[in-house]
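Working notes, beginning with the structure itself.
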Amino acid sequence: MYAILQREAGQVATQFLFNSRGKWIAFRSRPDDKFVFAPNGDWIGWLPWDEETVVDTKGKYLGTLFPNNRFYQLRMPRDRGRPGFPGAPGFPGRPGYPGFEGLAQLPVGTRDIPQEGRLVERSASPRGVTF
């Protein structure tokens, strides 16, 4: 399954983001869009500084985008302070379901982003031990 899917004859691409278990957890309307949304279309964060660091709607670190459309939290993210507020984006609509992306090993020093208030189930510590 391709994580970046083309819509409307290649005019717009949706970037789907997955956790280490291959579950679809977020998306961007386009790969260059600075806003990140939950699968239901709720705005959950944005990329204020670069193309990989995502903060939540209050400016607190949420996660980091990794190659192959993976979205993880660094266990010890760099403190960059709180960015200014970008203004709320419009509703992006609900993209189609991208399916399952497949399992991926968590990079050392990362964990899956907690979903819907549940505890993180998998984590890769600096020693390579999975909890």
Of the listed peptides 20-31, 81-92, what is their order by residue-averaged count of other C-beta atoms within 10 Å, with the highest listed first?
-> 20-31, 81-92
Which distance in nm do the two modelled labels at ARG80 and GLU51 give, with both placed 7 Å along the Cα-to-Cβ direction?
-> 1.4
The local net charge around GLY81, scoring Lys/Arg +1 and Asp/Glu -1 for residues other than GLY81 whose Cβ lies under 15 Å from its Cβ, equals +2
How large is ³J(HN,Hα), in whole Hz, for each residue of segment 76-92 in order, when computed from phi with the Karplus curve 6.51 cos²θ - 1.76 cosθ + 1.60 and θ = phi - 60°, using x for Gly and Pro?
-> 9, x, 5, 7, 10, x, 9, x, x, 7, x, x, 6, x, x, 5, x
Local electrostatic count, TYR61, Cβ distance below 14 Å [Lys/Arg +1, Asp/Glu -1] = +3
Radius 11 Å from Cβ of PHE37, net charge of other residues (Lys, Arg +1; Asp, Glu -1) | 0
If amide H atoms are built 1.01 Å from N in the plane of the peptide, which residues on other chains or at least 5 residues away come under 5 Å of the amide H of ILE25?
-> LEU17, PHE18, ASN19
What span do the alpha-carbon atoms of segment 19-77 cover on each of the three principal axes, reported in whole Å from largest to smallest?
-> 26, 25, 18
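Only the coordinates and a few stated rules stand behind these numbers; no lab work does. The structure presented is a predicted model; accordingly, all values stated were derived computationally and were not measured. Virtual Cβ from ideal backbone geometry, glycine too; neighbours counted across all protein chains shown.
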